[in-house]
Amino acid sequence: MDAAISTAVSGAAPVTDAPPYMSVQRVQKIYETAGGAVEAVSLADFTVTSGEFVAVLGPSGCGKSTLMMMIGGLEPTSAGRIRVDGAEITGPRADFGYIFQDATLLPWKSVLDNVLFPIKLEHGRTRDHLERARELLELVGLWDFRDKRPRQLSGGMRQRVAICRGLINDPKLLLMDEPFSALDAISRDDMNAALADLWDRYHKTAIFITHSIREAVYLADRVLVMSRRPSVISHDVRIPFQRPRRMAMQETAEFNEICGFLRRKIEEGYQRA
Amino acid sequence: MTATSDGARKKPLLPTGVLAGYLRQILLPVAAALVVLVAWEVSVRVLNVSPVLLPPPSMILERLQELFFPLLLKHAIPTMWESVIAFLISSALGIALAGFLSSSTLLREAFYPNVVLFQLIPKIALAPLFIVWLGIGSQSRLAFSVFISFFPVVIATLAGLDNVDRDLLRLCRALRASEWQTFREVRLPHAIPYVFSGMKIATTFAIIGVIVGEFITSQAGLGYLILFASAQAETALILAAILVLCAFGLVFYGLVAIAETVTRTRFGA
């Protein structure tokens, strides 16, 4: 059965003449430490088409966050290069949206001002973006909380604010680094549903880092499995489910079959290490 | 013996509850102070201590009433005025220097250890130097007061500016914020509580600076009056002047605390 999924899905990037929206070309990250060189990412090589939701799934310490930092231009690569939308990544870009593991909201700003923070930094007129901020906050059910301070919100609510902030400047590429890993299981399901809804509406290209198999399968069009030592992308699995995605989907045999397959692949990675 | 037995639940000594809690916070220290004052009054009278050595509190209050207007007030005004000006200068200077030092790693690495080392100098010993440099006018007192009161502001502000959550700084980087934007939008608001804790210490230091300056050279001010009164063996007047100084220090500190509350509700930090 594994083989069936594997052959049906792995390496299934669509074959077209147009250059891919994003290409990660033989990228490597090595940190020089006092104890010698540490390979954070041994080798990453893949492409992403426009509008695709790609989850990078792996155990902690496999280098998946480092990979995202390099794609986002927050960390330089040690070797190889990353191109997005025809240009090589040299630093953070205005057409990217970033969502980190912690909501990282400014505690002294209101929910609304936090969402509008990227616009303020770009010297944009926040008034022009008020409608969009309203639309986003209404979608995640937080418009009524717009004047609250982050400390008055729950962890899940704060992370929803962070998602709105990541989407406020209408980014072409959304980079999410384990955005829900600090939440409890119930809020997490909630957030997955909220993100899936946002996805159906805005349909961005996205890189989603996670160590939750179910989350990856539920949200993504494609799951890249990353292993530890060596830190490489061991499997590239296409997720065949239709959109819009529904929570009930998680109870189907096919869903669980794919989850099981991915879990075994992750375990194989462990055994090799 | 454990408190689990039935009879162990004693009635509290003082009433409990929210209002009572506030009252306790005010009444208890006041009561404690009153006890000390009464003990002082009684023991001085009973032991027949000379008022030159230690006058009873009632005598100090009497002197305060007699001499507050115009003598004590006349001398209090220049002291208060100079303390406030010195405090304002040292706060502005301290925040600016901290901002400057935090703007580059090179600057901070070069100067911060020196600032800390400088703080270890017994700065009061340098007071006469300021008179050599700036003469016997109010400039030397002001300069000395600024000199000793701005260190706490620098150190506290620097701590606040540097202590920012690394995730927030990464967010700023991701959003391509300039150094100045990061400073204004993240570092400075984060530092506000720290800045105020430094400024609260600075109020006390500014007063100390002015008083020491007045001890060394002046024709007016509470420091001058204290020195003058001690030459006359007017112990009650010395203590009355100190009482005025305490009241001023309390109000000064209180005003800064209010400014902090206002700023923090504004920025919500």
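Averaging the Cα positions of each part gives two centres, and for region A:97-129 and region B:44-60 these lie 65 Å apart.
Taking every alpha-carbon pair within region A:105-171, the share separated by more than 13 Å comes to 56 percent. Long hydrophobic helices in chain A, taken as whole DSSP H segments with a C-alpha length of 20 Å or more on their own axis and mean Kyte-Doolittle hydropathy at least -1.0: A:185-202, A:253-272. Computed with the Debye formula from one identical point scatterer per Cα of chain B, without solvent, the log10 of I(q)/I(0) at q = 0.09, 0.11, 0.12, 0.14 Å⁻¹ comes to -0.62, -0.83, -0.92, -1.06. For peptide B:171-182, the mean count of partner chain Cβ atoms within 10 Å of a residue's Cβ comes to 6. Lysine pair count for chain A (Cα-Cα distance under 30 Å; residues 8 or more apart in sequence or on different chains): 18. Percentage of Cα-Cα pair distances in the protein assembly as shown greater than 31 Å, rounded to whole percent? Looking at the protein assembly as shown, the distances longer than 31 Å represent 63 percent of pairs.
Take every pair of alpha-carbon atoms less than 8 Å apart whose residues are at least six positions apart; their mean separation over the length of region B:165-269 yields a relative contact order of 29 percent. Rounded to two decimals, what is the ratio between the C-alpha radius of gyration of region B:207-262 and 2.2 N^0.38 Å? Normalised Rg, Cα atoms only: 1.33. Sorted on the mean count of surrounding Cβ atoms within 10 Å across their residues, most packed first, peptides A:70-82, B:132-144 read A:70-82, B:132-144. Packing order of peptides B:119-130, A:177-188, highest average first: A:177-188, B:119-130 (average count of other Cβ atoms within 10 Å over each peptide's residues).
Counting partner chain Cβ atoms within 10 Å of every residue's Cβ in A:67-74, what's the average?
1
Of the listed peptides A:239-252, B:221-234, what is their order by residue-averaged count of other C-beta atoms within 10 Å, with the highest listed first?
On the way: A:239-252: 13.2, B:221-234: 18.6.
Going from most to least packed, we get B:221-234, A:239-252.
Legend: mean number of C-beta atoms from other chains within 10 angstrom of residue C-beta atoms, peptide A:106-119, equals 3. Using just its DSSP H runs of length 4 or more, each adding -39500 (n - 2.57), chain B gives a mean residue ellipticity at 222 nm of -25500 deg cm²/dmol after division by all residues.
Using the Cβ-Cβ distance between B:Phe215 and B:Arg166 with R0 set to 56 Å, the FRET efficiency from 1/(1 + (r/R0)^6) comes to roughly 0.75. Scanning chain B for DSSP H helices at least 27 Å long along the axis (C-alpha atoms) with a Kyte-Doolittle mean no lower than 1.6 picks out B:18-46, B:235-267.
Taken together, the values in this text are just the output of simple stated rules run on the coordinates, not laboratory data. Not measured: the values here are computed from a predicted model. Cβ coordinates were reconstructed from backbone atoms using ideal geometry, including for glycine residues, and neighbour counts include every protein chain displayed.
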